1. Relative to the compact-globule scaling 2.2 N^0.38 Å, provide the ratio for the alpha-carbon radius of gyration of the chain.
2. Quick one: compute the contact order of the chain, relative version, from alpha carbon pairs under 8 angstrom and 6+ residues apart, as a percent.
3. Considering only Gly168, Ala144, Ala182, whose Cα is most displaced toward the positive end of the charge dipole of the stretch 137-182, charges sitting on Cβ of Lys, Arg (+1) and Asp, Glu (-1)?
4. Kindly rank 143-156, 29-42 from highest to lowest mean number of other beta carbons found within 10 Å of each residue.
5. Within 10 Å, count the other beta carbons around each residue, average over each peptide in 98-106, 177-185, and list them highest first.
6. Quick check for me: using +1 on Lys/Arg Cβ and -1 on Asp/Glu Cβ, what's the dipole size of the chain about its Cα centre, in debye to the nearest 20?
7. Which one, Pro97, Thr72, Thr159, projects farthest toward the positive side of the charge dipole computed for the chain from Cβ point charges (K/R +1, D/E -1)?
8. For the stretch 128-176 and the stretch 36-87, what is the separation of their C-alpha centers, rounded to whole Å?
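Here, each number is a calculation from the coordinates, and none is a lab measurement. Source: prediction; values computed, not measured. Note: ideal-geometry Cβ built from the backbone for every residue, glycine included; neighbour counts use all protein chains shown.
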Amino acid sequence: MINQIIRAPAFAPPEKLPEQGQWTYDDWVRLPDDGYRYEILDGVLYMAPPPSIDEHQTPAFNLTLAFGNFITQRDAGRLFFAPAGVRLPGQPVPVQPDIFFVAQARRHIIRQQYCEGAPDLVIEILSPSNWNYDRRDKFEAYQAAGVREYWIVDPRARTVEVYVLEDGLYLLTGKWGAGERAKSQVLNEFEIAVDDIFRK
């Protein structure tokens, strides 16, 4: 749930803030711990209010539970959920995907504070305020970083889209809705009923 900041945060006067496109890691670490999520991509600052329970937290919990059980049973790697940071290649400031998976063979990228490198799979859950950010800015950032699989979950449409990286570009491998089952390629044999993702 991220919006590009178009006004100054309350913690500092506008004249002391960097221009959009000029935000750095040092600027980011000075941002307040006020319940908002702050992210920087290519020097542009974005912010997110606390997520809604029904439209965001419910599918996030259901997906984390389903993926977590599958990964644990197969000792496939590690699963993380926000707030947990990922420092993508070429991006000095970590982002916080809603959910992400790192395969067992790549556990070395998991550090004490952040995941230092591209996860194998990322899930973002849309909200009315962030759909453009997740569909454009983060889509492009994850693609450029080499995230192998990207799930976009839309609670309002009740759909799941899965993109898989092929020759450096994301290809849509499936879009599933009510009565259907979303499937992963990175986690072979993992699938989940779309209705179960949004079940309260």
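1. On the way: Rg = 16.7 Å, N = 200, 2.2 N^0.38 = 16.5 Å.
It is 1.01.
2. Normalised by residue count, the contact order of the chain is 17 percent.
3. Ala182
4. On the way: 143-156: 19.5, 29-42: 14.3.
Most protected by this proxy first, the peptides run 143-156, 29-42.
5. Numbers: 98-106: 19.7, 177-185: 14.9.
Highest mean packing first, the order is 98-106, 177-185.
6. Details: 21 positive and 28 negative charges, 62 e Å.
Dipole magnitude for the chain comes out near 300 debye.
7. It is Thr72, whose Cα lies furthest towards the positive end.
8. The stretch 128-176 and the stretch 36-87 have Cα centres separated by 14 Å.
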